[in-house]
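Here the structure comes first, spelled out in structure tokens, and everything after it is commentary.
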Amino acid sequence: MAENRLKNRKKTSHEESAHQAISTMTNHELRMSIIGFDYDELNISSEDKELLISCEKELSFQGKQLGNISFIVGENLFKAKQIFKKYADRNLESDPQTFVNWYSKLGLSKDQAYLFLGRYNLVISFPEYKERVISLSDRTIKEAINKKTPDEVKKKVLEGQLSTGKEI
């Protein structure tokens, strides 16, 4: 019986130590910038610094969520476009303009639809770079999906070698 108490005491002590270590690591991570911004140069209070880092992390997380949503929207636009194409030869009403009218009724502009479809097509063309494509800005996507942009340049964008519109 004394042996069981000793095992339980060791187990509890180990669990508490692990919990403390995780808590310390989490607190340290919460205080660190993930974008490498030097908040110490701002000469602001530690509370404001922590708030800015919290905002940074939340914006970064939400940005990834937006990228995922953009991909899903692009995928659905692609599927819809394929359906409209399927009936284009049977019905004069189902020309490319019908697809434009359809997504316009959803509240999307031509530019938005183009970007959503472009992001989706980039992922389909370069599936190994899905996470990178999802995180790219709309401006970078626009430059990368331009018909004049060669595949070698697209690959450099996806590898992070080129990032600005001017570079692309």
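The values are calculated or read from the model by the stated rules, or taken from the named source; none is laboratory data. Model, not experiment: these values are computed from the prediction. Here the Cβ is made from the backbone with ideal geometry for all residues, glycine too, and neighbour counts use every protein chain on show.
For the stretch 34-58, which residues satisfy the criterion of being loosely packed, with under 12 Cβ neighbours inside 10 Å, in contact (Cβ under 8 Å) with a residue 24 or more places away in the chain and not in a loop (DSSP other than H, G, I, E, B)?
Correct list: empty.
Please state which of the following conditions PHE61 fails to meet, knowing it meets all the rest: (1) among the aromatic types (Phe, Trp, Tyr); (2) out of contact with any helix residue (DSSP H, G or I) (no Cβ under 6 Å at 6 or more places or on another chain); (3) surrounded by 12 or more Cβ atoms within 10 Å (Cβ to Cβ).
Failed condition: (3).
Considering each of ILE34, ILE53 in turn, give the residue that is in contact with a Ser or Thr (Cβ under 9 Å, 6 or more places away or on another chain) and modelled with pLDDT under 90.
So the residue among ILE34, ILE53 that is in contact with a Ser or Thr (Cβ under 9 Å, 6 or more places away or on another chain) and modelled with pLDDT under 90 is ILE34.
Residue under question is TYR120, and the condition is that it be at pLDDT 95 or above and either of a type outside the set (Val, Ile, Thr) or under 23 Å from the mean Cα position of the chain (by Cα) (or both); does it hold?
It is true that TYR120 is at pLDDT 95 or above and either of a type outside the set (Val, Ile, Thr) or under 23 Å from the mean Cα position of the chain (by Cα) (or both).
Can you name the condition, by its number, that ILE53 falls short on among (1) closer than 25 Å to SER33 by Cα; (2) touching a Gly at 6+ places or on another chain (Cβ under 7 Å); (3) of a type in the set (Val, Ile, Thr)?
The one condition ILE53 does not meet is (2).
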